[in-house]
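Structure first, commentary second.
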Amino acid sequence: MKKLYYFISVIALLFVISSCEIGDEDTNFNFVSLRTIAVEAPESFNFNESHEITVTYLRPNDCTFFLGFDVTNPDVTTRDIVATASELADLSDCIIEGEEVQATFTIVVLFEETYLLRFWTGQGSDGAQEFIELEIPVNN
């Protein structure tokens, strides 16, 4: 009986392992950056507090799904912010019409210097990255 149980367990394990294989040809989505249209932020930040920022971004079609914000800090108080999404690889069944959508994120102010927030809006005709830039002073 133990041999039968062992044999069935091994077969089931092999079945589970082989059914979880993912190849590159099975990729059905891509990660994309979403263009920021507008930003609502406080006129100033308070040191050592959290502040909510509302971003309006353009969702290009109904097959694009918002994931969150990619925030990098190229300098101590500079933040580059990009709305990110996953988009289905096959757009043939998608409704292609731009939709403005809002999302919020929280920034924690840990430095007393003025913050520079740069929200990605796309690429210019020359290929350069373009941003909405906000300088927000910090109250002590």
### Query
Which residues' amide hydrogens lie under 5 Å from the amide hydrogen of Ile37, considering only partners 5 or more residues apart or on another chain, with H built in the peptide plane?
Thr56, Tyr57, Leu58
#### Entry: Distance (nanometres) between label positions extended 7 Å along Cα→Cβ at Phe65 and Phe105
2.0 nm
### Task
With label points built 7 Å along Cα→Cβ from the Cα atoms of Glu135 and Glu97, find their separation and express it in nm.
4.1 nm
### Task
Once you have all Cα-Cα distances for segment 58-140, histogram them in 10 Å bins from zero and send the whole-percent values.
15, 38, 31, 13, 3, 0
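Values in this text are rule-based calculations from the coordinates and carry no lab data. Since we're looking at a predicted model, the values are computed, not measured. Glycine also receives a Cβ, built like all others from the backbone with ideal geometry; neighbour counts cover every protein chain displayed.
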